[in-house]
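Q: Just passing along the structure, written as structure tokens.
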Amino acid sequence: MSPSGSTFQPTASEQRRRKQQSAAQSLLALTTAMLALPALGILSILIIRGFPGLSAEFFLEEPRNVMSAGGIFPALVGTVWLTAVALLVALPLGISAAIYLSEYAKDNWLTGLINIAIVNLAGVPSIVHALFGVGAFVLFLDFGVSVLAASCTLAVMTLPVIIVATRESLQALPQSFREACWSLGATRWQTIWRVVLPNSGSGILTGVILCVSRAVGETAPIMFTGAVLYLPVAPESVWDQTMALSLHLYNVSTQLPGIPEGLPFSVALTLIGVVLSMNAISIALRMKLRGRKKW
Amino acid sequence: MSDEAAKQHRLTAMEFDRRDRSWWTDMFAKALVFGGGVSAIVFIVGILVFIATQGLEFAANRLSWTEFFTSIAWRPNSQKPEYGALALIAGTVSTTAVAMVLVVPLSLGAAIYIGEFARGKKREWLKILIEMLAAVPSVVWGVIGLNVMGPFITDVFGVPSGLNLLNAGIILGMMAAPIMTTIAEDALKAVPDSYREAAEALGATKWQVVLRVVLPHARPGLSAAVLLGVGRAFGETIAVLMASGHAINVPKSLFDPIRSLTATIAAELGETAEGDDHYQALFVVGMLLFTITFFINMIANAIVRGTRRKKA
């Protein structure tokens, strides 16, 4: 290679590095595909085999013939009950915890302890939450096996989701907003109530939706605290037991004989439909928010 | 000072007393949100206390710890009940190990691809896809293990039952992968762009930047991501229960059915009576799970915090 001709010619080492670069990039793209494609494939099997079973009757009728026929209406209503009550418990606790951590807490040992507690609440296995629910809510507080006990268990489990999402959206608000309000003589709480919360409302909402999505899908925490195998009627108060979509799916898949082959897929499709549309709403909301905010 | 002046002085002091209604509201609100903040501590301590006390009497008086950790015989319902958890521990450890071997390289590779190579719309969609996969409920993964992966493994490998260690490992891996990918990508994002720019200015290719600059700096965050994935796989309950075959067994091959600690609690708690030995033994298993996941989370947390402090 002549020195003059090499000006725009990649050297051998450059060529090698470029080859390595493109090989590495293809390999990484391949690993991403290996992770995503089987999962997508399996989910599409779920849709293909579950979709024929969906109908108006499927959603609006109660199960018949030891669950092998009929619909999932009581389980749907039960899941709505469980999720709503769990939200009623988790929301005030979670949002106030996030307000404390974002607006009041100093960088001291107590704050560190709270953060450790949140990390661990999120990491404790769901079946351990179930044991806690049995010990604390069913037995100690004497709620019995009821919607209330199951929802409290779910609330403790989803608390970290709400706290983390809310804290993030509160901290995303520029400090100057708060300072402007303080300089007008407002108290800390007036600032939070009139400025901080209204400006982070949609951020908090995404956290709430994620929390709902999590509560809807959980099975282990409600198995022994409030959800049961079969009840033809929807619960009338928080002291009643209930069916739930997730536990129903577990039962028709493993516990009962003579279930038609497509039924678990239809129930799974319903459950995953609810959960994923919740997440889709939350993602869409977040994107819209990011597009709009200019501070 | 004259009387008149003293009176004047008192008035001013009262004017500066800001303890009006909004001050009291502020104090009240502060106490309220403080309560919310502390509730997280209350709950985690509550979990520890309630699980420990439910199993305490049996653990202190009748449980042989040597049997618990060294015997593979878990026979709570026989005439002479035995509570050896070794096979259950082996089940949990082996499924977690299989899951990690399968997906740690894939998750880290995907995180590097999404974080460093993918751009624009492709990157957005990949991130959404990962987030959606993380949201799939564990009971749905269980159904997939039972009804899709099970028959598939039976056909492909010609084994009598597709519900085994391999199945549970694959399902757990798919569940843990989105979490590991997300956290690993965050760790990559935390490496300052100026590091990349400096390396690129020296003529390094994208891959050299990743290999020589980004990865070494993100290593603690990446190990935290793997640890949290391990924690997730370790504590997963319903999916393992449905996909693993649920047989008490120390696995010798990938095609042996196994049973995990978590699945044992889920399957057996319903058939116990409150306070009897079997019930208490399940709480002891729960205590073991709590302790292990607690340490996994603490270590991961310490790694993440350690790097953050070093940067600041």
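The values are calculated or read from the model by the stated rules, or taken from the named source; none is laboratory data. A quick note: this is a predicted structure, and the numbers were derived from the prediction, not measured. Methodologically, a virtual Cβ is constructed for each residue, glycine included, from the backbone with ideal geometry; neighbour enumeration extends over all protein chains shown.
Q: Please go through region B:161-220 and pick out each residue that is in contact with a strand residue (DSSP E or B) (Cβ under 7 Å, 6 or more places away or on another chain) and modelled with pLDDT under 90.
A: Across region B:161-220, the qualifying residue is only B:Ser161.
Q: Turning to a different aspect of this structure: Before we move on, is A:Ala56 in contact (Cβ under 8 Å) with a residue 60 or more places away in the chain and either surrounded by 14 or more Cβ atoms within 10 Å (Cβ to Cβ) or away from chain B (no Cβ under 14 Å) (or both)?
A: No.
Q: If you don't mind, there's one more thing I want to ask. Mind checking whether some residue in region B:69-78 is crowded, with 20+ Cβ neighbours inside 10 Å and under 29 Å from B:Met242 (Cα atoms)?
A: yes
Q: Let me ask something else. So, restricting to helices (runs of 4 or more DSSP H) that lie completely within region B:147-225, which ones have at least 2 residues that are among the aromatic types (Phe, Trp, Tyr) and either at negative phi or in contact (Cβ under 8 Å) with a residue 60 or more places away in the chain (or both)?
A: Filter on region B:147-225 gives B:150-157.
Q: Tally up the residues in region A:105-118 that are closer than 21 Å to A:Arg188 by Cα and either of a type outside the set (D, E, K, R) or facing chain B (nearest Cβ under 7 Å) (or both), please.
A: Residues in region A:105-118 being closer than 21 Å to A:Arg188 by Cα and either of a type outside the set (D, E, K, R) or facing chain B (nearest Cβ under 7 Å) (or both): 4 in total.
Q: Inspect region A:246-266 for any residue being in contact with an Asp or Glu (Cβ under 9 Å, 6 or more places away or on another chain) and either small (Gly, Ala, Ser) or in a loop (DSSP other than H, G, I, E, B) (or both) and give the result as yes or no.
A: Yes, region A:246-266 contains a residue that is in contact with an Asp or Glu (Cβ under 9 Å, 6 or more places away or on another chain) and either small (Gly, Ala, Ser) or in a loop (DSSP other than H, G, I, E, B) (or both).
Q: Right, here's the next one. Against the definition (aliphatic (A, V, I, L, M), in a helix (DSSP H, G or I) and either at the interface with chain A (Cβ under 10 Å from one of its Cβ atoms) or surrounded by 15 or more Cβ atoms within 10 Å (Cβ to Cβ) (or both)), how does B:Val42 come out, yes or no?
A: In short, yes.
Q: Then there's this: For residues that are more than 9 Å from chain B (Cβ to nearest Cβ) and free of Cβ contacts under 8 Å to residues at least 12 places away in the same chain, scanning just region A:258-287, find the one that is nearest to A:Leu60 (Cα to Cα).
A: Filtering first and then ranking leaves A:Gly273.
Q: With respect to A:Pro232, determine if the residue is more than 8 Å from chain B (Cβ to nearest Cβ) and not in a helix (DSSP H, G or I).
A: When the stated conditions are applied, A:Pro232 passes them.
Q: Please find, within region B:152-210, the residue that is farthest from the other protein chains (Cβ to nearest Cβ) out of those that are farther than 23 Å from B:Arg259 by Cα and among the aromatic types (Phe, Trp, Tyr).
A: The selected residue is B:Tyr195.
Q: Looking at region A:199-216, can you tell me whether even one residue there is more than 9 Å from chain B (Cβ to nearest Cβ), free of Cβ contacts under 8 Å to residues at least 24 places away in the same chain and either assigned to a helix (DSSP H, G or I) or crowded, with 20+ Cβ neighbours inside 10 Å (or both)?
A: Yes, region A:199-216 contains a residue that is more than 9 Å from chain B (Cβ to nearest Cβ), free of Cβ contacts under 8 Å to residues at least 24 places away in the same chain and either assigned to a helix (DSSP H, G or I) or crowded, with 20+ Cβ neighbours inside 10 Å (or both).
Q: A further question on this structure: Restricting the search to region B:275-312, which residues are outside any helix (DSSP H, G or I) and either of a type in the set (Phe, Trp, Tyr) or modelled with pLDDT under 85 (or both)?
A: Matches in region B:275-312: B:Gly275, B:Ala312.
Q: Mind listing whichever residues of region A:56-80 are farther than 20 Å from A:Gly217 by Cβ and assigned to a helix (DSSP H, G or I)?
A: Those that are farther than 20 Å from A:Gly217 by Cβ and assigned to a helix (DSSP H, G or I): A:Ala56, A:Glu57, A:Leu60.
Q: Please go through region B:248-264 and give me each residue that is hydroxyl-bearing (Ser, Thr, Tyr), buried (at least 24 other Cβ atoms within 10 Å of the Cβ) and assigned to a loop (DSSP other than H, G, I, E, B), ordered by number.
A: Within region B:248-264, just B:Ser260 meets the criteria.
Q: On the given criteria, is B:Ala111 touching a residue at least 60 places away in the same chain (Cβ under 8 Å), of a type outside the set (Asp, Glu) and either in contact with a helix residue (DSSP H, G or I) (Cβ under 7 Å, 6 or more places away or on another chain) or within 14 Å of another protein chain (Cβ to nearest Cβ) (or both)?
A: Considered against the rule, which asks whether it is touching a residue at least 60 places away in the same chain (Cβ under 8 Å), of a type outside the set (Asp, Glu) and either in contact with a helix residue (DSSP H, G or I) (Cβ under 7 Å, 6 or more places away or on another chain) or within 14 Å of another protein chain (Cβ to nearest Cβ) (or both), B:Ala111 comes out as yes.
Q: Let me ask something additional. Starting from region A:75-104, take each residue that is on the phi < 0 side of the Ramachandran plot and away from every other protein chain (no Cβ under 12 Å) and list its partners that are surrounded by fewer than 21 Cβ atoms within 10 Å (Cβ to Cβ) and aromatic (Phe, Trp, Tyr), counting only C-beta distances under 8 angstrom and pairs at least six apart or across chains.
A: A:Leu76/A:Phe59
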